[in-house]
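Asks: Next up is a structure, given as C-alpha cells.
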Amino acid sequence: MNAVVVLGLRIFFLIVLYGFVGWISFIIFKDLQTLFDLKRSQVAPIVLSVIVNQESLEKQYTKSEIILGRDPDCDLTIADETVSLRHCKLYYHHKQWWVRDLESTNGSFINNTFIESPVVVIDGDELKLGKVPITIRFDQQVR
C-alpha cells in the first residue's frame, strides 16, 4: 500500500475514534444532567382518601411512586376482597400524576372509566379499585 493511503486511513480512523469518544461523553453528560434535574424536581403532594369497612383513611404522599393494593407491603393497603394484592400504581411523571392498572383482577376505574393504559389524574378525580372508591386531591392539608 501507498504510504499516503495508510496515513489517510490512520487520520480517518483517528477522527472516527474521537467522534465516538465525543458522542459517548455527550450521552453520559446528558444522562447525568437528567439525573440531577430529577433530584432537583419536587413531587407535587397527593392526598388519597378512602373509606373501607366504614373506616375513613386519608394519607398524603410526596414520593414519586405509590403502589395501592391489598398487600401489606403496598404504600396504601386496602383491606377489601375486590382489591388485588398489587392493584394499581400512581406515579409522578412530567409534572403530572398518572395512574396505571397493574393487571388487577377487578380492574381500576377513573371517574367510572376503565383504565386500559396510563391516565393523567387531576384534583377531585375518583379512582375506583374493585368496589373501593378513592378520592384524589392535590392540596397540602390533610384532614
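The values are calculated or read from the model by the stated rules, or taken from the named source; none is laboratory data. Here the structure is a predicted model, which means the values were calculated and not measured. Quick reminder, even Gly has a Cβ in these numbers, built from the backbone with ideal geometry, and neighbours come from all protein chains shown. Keep in mind that these areas ignore ligands, DNA and RNA; they rest on the heavy atoms of the full protein, side chains included. Shrake-Rupley method; radii C 1.70, N 1.55, O 1.52, S 1.80 Å.
Asks: Once R0 is set to 30 Å, what does the formula 1/(1 + (r/R0)^6) return for the Cβ-Cβ distance between Trp23 and Asp139, expressed as a FRET efficiency to the nearest 0.05?
Replies: Once the sixth-power term is evaluated, E becomes 0.05.
Asks: What FRET efficiency comes out for the pair Leu57/Lys30, r = Cβ-Cβ distance, R0 = 35 Å, nearest 0.05?
Replies: 0.25
Asks: State which entries of Lys63/Lys131; Lys30/Lys89; Lys63/Lys89 exceed 23 angstrom in Cα-Cα distance in the structure shown.
Replies: From Lys63/Lys131; Lys30/Lys89; Lys63/Lys89, over 23 Å: Lys63/Lys131; Lys30/Lys89.
Asks: From the gyration tensor of the Cα coordinates in the range 33-95, what semi-axes in whole Å does the equivalent ellipsoid have, largest first, with each one equal to sqrt(5λ)?
Replies: 28, 13, 8
Asks: Another question, then. If the only charges are +1 at each Lys and Arg Cβ and -1 at each Asp and Glu Cβ, what is the size of the charge dipole of the range 24-85 around the Cα centre, to the nearest 20 debye?
Replies: Rounded to the nearest 20 debye, it is 440 debye.
Asks: To continue, here is another question. Among Lys95, Lys128, Lys30, whose mean-square fluctuation peaks in a Gaussian network model of the chain (Cα, cutoff 10 Å)?
Replies: Top of the fluctuation ranking is Lys30.
Asks: On to the next question. Carbon-plus-sulfur fraction of the accessible area of the chain, 1.4 Å probe, in percent?
Replies: 58 percent
Asks: If you don't mind, another one. Which value, in Å² and to the nearest 10, is the accessible area of Phe29 when all protein chains are kept and the probe is 1.4 Å?
Replies: Surface open to solvent at Phe29 totals about 120 Å².
Asks: Accessible surface of His94 in the full protein assembly, 1.4 angstrom probe, to the nearest 10 Å²?
Replies: For His94, the solvent-accessible surface is approximately 140 Å².
Asks: Using a 1.4 angstrom probe on the protein heavy atoms only, could you order Ile66, Ile24, Ile51 from most to least accessible area?
Replies: Descending accessible area places them as Ile51, Ile24, Ile66.
Asks: If you don't mind, another one. Could you give the length gained on full extension between Thr82 and Ala44, defined as 0.36 nm per residue of separation minus the Cα-Cα distance, in nm?
Replies: Stretched out fully, the Thr82 to Ala44 stretch lengthens by 10.8 nm.
Asks: Just going by the charge dipole of the range 60-108, with Lys and Arg at +1 and Asp and Glu at -1 on Cβ, which of Ile66, Gly107, Leu85 is farthest out on the positive end?
Replies: Sorting the options by dipole projection puts first Ile66.
Asks: Let me ask another. Taking only Cα atoms and a 10 Å spring cutoff, compute GNM fluctuations for the chain and point out the largest among Gly130, Gly19, Gly69.
Replies: Result: Gly19 has the largest fluctuation of those listed.
Asks: Using a simple spin-label model with points 7 Å from Cα along the Cα→Cβ vector, what separation in nm is obtained for Glu116 and Leu7?
Replies: So the two model labels end up 6.7 nm from each other.
Asks: Please compute the per residue accessible area over the range 1-134 with all protein chains in place, 1.4 Å probe, rounded to a whole number of Å².
Replies: Using a 1.4 Å probe on heavy atoms only, each residue of the range 1-134 averages 69 Å².
Asks: Short version: what are the Cα gyration tensor semi-axes of the range 84-143, square root of 5 times each eigenvalue, largest first, in whole Å?
Replies: Taking √(5λ) for each Cα gyration eigenvalue gives 19, 14, 10 Å.
Asks: If Lys and Arg each add +1 and Asp and Glu each add -1, what is the summed charge of the other residues whose beta carbon sits under 10 Å from the beta carbon of Lys131?
Replies: -1
Asks: Beyond 17 Å, what percent of the Cα pairs of the chain remain?
Replies: Distances greater than 17 Å cover 67 percent of the Cα pairs.
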